[in-house]
Amino acid sequence: MIIRQMERQGKVSLRTWFAFAVMLIVVPILLFFSVKIWGGRKYLLCSLIVVIAAMLPFFMMFEGRKPKAREIMVISVLAAIGVAGRAAFFMVPSFKPVAAIVILTGISFGGEAGFLVGSLTMLISNMFMGQGPWTPWQMFAFGMIGFLAGILYQKGILKARKFDLCIYGFLSVFLIYGGIMNPASILMSYGYITKSSLIAYYISGAPVDLVHAASTVIFLWLLSRPLLEKLERIKVKYGLIQESEKR
């Protein structure tokens, strides 16, 4: 019943569209110039800039009122779950629950929260997995998956049903994450992209992207109902991020 009640159609606010445009345009430009100008050496600075850019739209959700500690705590806990989930499966390449958690966050708390959880998860988990010039690109890729999930859900295009979530999870990981990280790998390796290198990287990266996408489907199938129900109960009980429901 809770999952059914979550299904709704609504308008996406101009603020959210503006934030989405900023993330989609400004952050990739920043990442591109970080490779061209700094050669990927300033990746920690770029990662911090991405986090700051992700935090601004999230705090704009509250429209003038101060966010409560419990609202920020829920986002922190979701990011921590993503970090723990990635660490738990570190021995299985590309088999990670991060995308599933980010998608469910975007659906429950909005695209802004989804982007923030996605970017924080990758920044923090790479402190254990290994930081590098790939970190800000991974932050951006997972952030966009969460942001887009929130927008599509708010518009009523993406439903909070297992089958719908699994389809979105598979396509978003294969097309968005793979579509960002493959060209990024070329830039980080050579500093420029050619048609032949792009084709080669997409072909060689397809098996890895398929495993990643398939694992996301599995985790969404197992986690979507219990996690969404718990998050919805928390929202109702404590009135979390109420402004996002009024958009």
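Points to keep in mind about this one:
- Using a Förster distance of 25 Å, the FRET efficiency for residue 128-residue 17 (Cβ separation, nearest 0.05): 0.10
- Alpha-carbon centroid distance for the pair the stretch 186-239 / the stretch 118-159, whole angstrom: 8 Å
- Cα long-axis angle, helix 135-154 against the chain (0 to 90 degrees, to the nearest 10): 30 degrees
- The charge dipole of the stretch 13-240, taken about the Cα centre with unit charges on the Cβ atoms of Lys, Arg (+1) and Asp, Glu (-1), comes to about 400 debye, rounded to the nearest 20.
- Relative contact order of the chain: 26 percent, from C-alpha pairs under 8 Å at least 6 residues apart in sequence.
- The order of the peptides 198-204, 129-135 by mean Cβ neighbours within 10 Å, most packed first, is 129-135, 198-204.
- Likely footprinting exposure, 142, 95, fewest C-beta neighbours within 10 Å first: 95, 142
- Structure-derived Cα Rg over 2.2 N^0.38 Å: which label, when the choices are (1) 0.97; (2) 1.23; (3) 1.04: (1)
- Using the Cβ of residue 223 as centre and a radius below 13 Å, the other residues enclosed give a net charge of +3, where K and R count +1 and D and E count -1.
- Computed [θ] at 222 nm, deg cm²/dmol, the chain (DSSP H ≥ 4; -39,500 (n - 2.57); rounded to nearest 500): -26000 deg cm²/dmol
- Sequence of 98, 208, 83, 51 once ranked by neighbouring C-beta atoms within 10 Å, starting from the fewest: 208, 51, 83, 98
- By other beta-carbon atoms within 10 Å, ranking 166, 46 with the fewest at the front produces 166, 46.
The numbers here are math on the coordinates, done by the rules we state, and not lab data. These numbers come from a predicted model, not from an experiment. All Cβ positions, even for glycine, are placed from backbone atoms using ideal geometry, and neighbour counts span all protein chains on display.
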